[in-house]
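Colleague: Attaching a single structure in structure tokens format; questions to follow.
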Amino acid sequence: GKKEEMTSQQNEPNTDNEKDDESLKNQEGGDDLDPQDPKNTSLPTVLRWDGGGQNVMICGTFTKWKPIPMVRSHGNFVTIIDLPEGDHHYKFFVDGEWKHDPKLKSVENEAGETTNLVSVRQSDFEVFQALAKDSENAVNNADKEYSQDVPQTKPWEKVSGPPILPPHLLQVILNKDTPLSCEPTLLPEPNHVMLNHLYALSIKDGVMVLSATHRYRKKYVTTLLYKPI
């Protein structure tokens with residue numbers, strides 16, 4: 001049947017079989033993704049085949065199902081392709097035979113053919129952007145000077161918000177009730193993570209209240225600052 005026709009040649013894919021080509025092109029999203037479209041943000045994606053073979057090629061929706069050669073590396077075959085965000089179907093052409101990698105995510109189309117599926121997301125590359133930014137900051141750091149110029153944000157950089165407040169900092173000792181048996185001016189011993197942090201009370205009656213706890217040897221001192229607004 002179809003598989004025997006596709007594997008009849010040893011060195012190159014059977015591009016003369018229009019039925020097989022049409023079946024591959026009908027994969028979901030096969031005609032919607034164009035790697036040359038400037039509107040798509042391309043992300044470098046590594047695709048690997050470790051199932052052996054001498055001559056391995058790869059094709060998918062991102063190549064309009066036109067096979068491209070893969071490079072041998074340490075017994076495997078790899079290639080790096082800039083893919084836009086989204087889901088992409090692909091297959092391998094190994095020594096004249098179409099194959100998919102059963103160890104990777106795969107789907108089956110209406111014609112009963114199985115292809116691998118890779119999902120490309122911008123969020124998967126945020127860690128690499130952070131590493132690149134750290135490396136950039138480390139270069140020529142000695143030559144930099146302090147100034148009032150606001151650095152320009154690169155288009156690919158994601159502006160992150162402030163970090164989430166750790167839950168143990170929500171346990172404010174000033175909000176806890178003092179036992180009747182204790183001196184009203186004495187507070188319970190704070191957790192060490194609460195030290196040297198500035199706490200603020202919601203503004204009431206035009207007054208803002210700030211507090212901070214410091215340790216002096218074995219004693220803890222909490223200072224309150226009342227400031228009219």
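Throughout, read-outs are computed from the coordinates displayed, never taken from laboratory work. If you're wondering where the values come from, they're calculated on a predicted model, not measured in any experiment. Note that each Cβ is placed from the backbone with ideal geometry, even for glycine, and that neighbours are counted across all protein chains shown.
Colleague: For a footprinting-style exposure proxy, rank F62, F92 by other Cβ within 10 Å, fewest first.
Modeller: Ascending number of Cβ neighbours within 10 Å: F92, F62.
Colleague: By counting other Cβ atoms within 10 Å of each Cβ, how are E108, E97, E145 ranked from fewest to most? All intermediate terms of the calculation are to be shown ahead of the outcome.
Modeller: Details: E108 10, E97 15, E145 4.
So the ranking, lowest neighbour count to highest, is E145, E108, E97.
Colleague: Hey, could you pull the Cα Rg and Dmax for the stretch 165-229, both in Å?
Modeller: Expressed in Å, the Cα Rg and Dmax of the stretch 165-229 come to 12.8, 37.
Colleague: Same structure, new question: Provide I164, I58, I68 in ascending order of the number of other Cβ atoms located within 10 Å of each residue's Cβ, fewest first.
Modeller: Fewest-to-most ranking of I164, I58, I68: I164, I68, I58.
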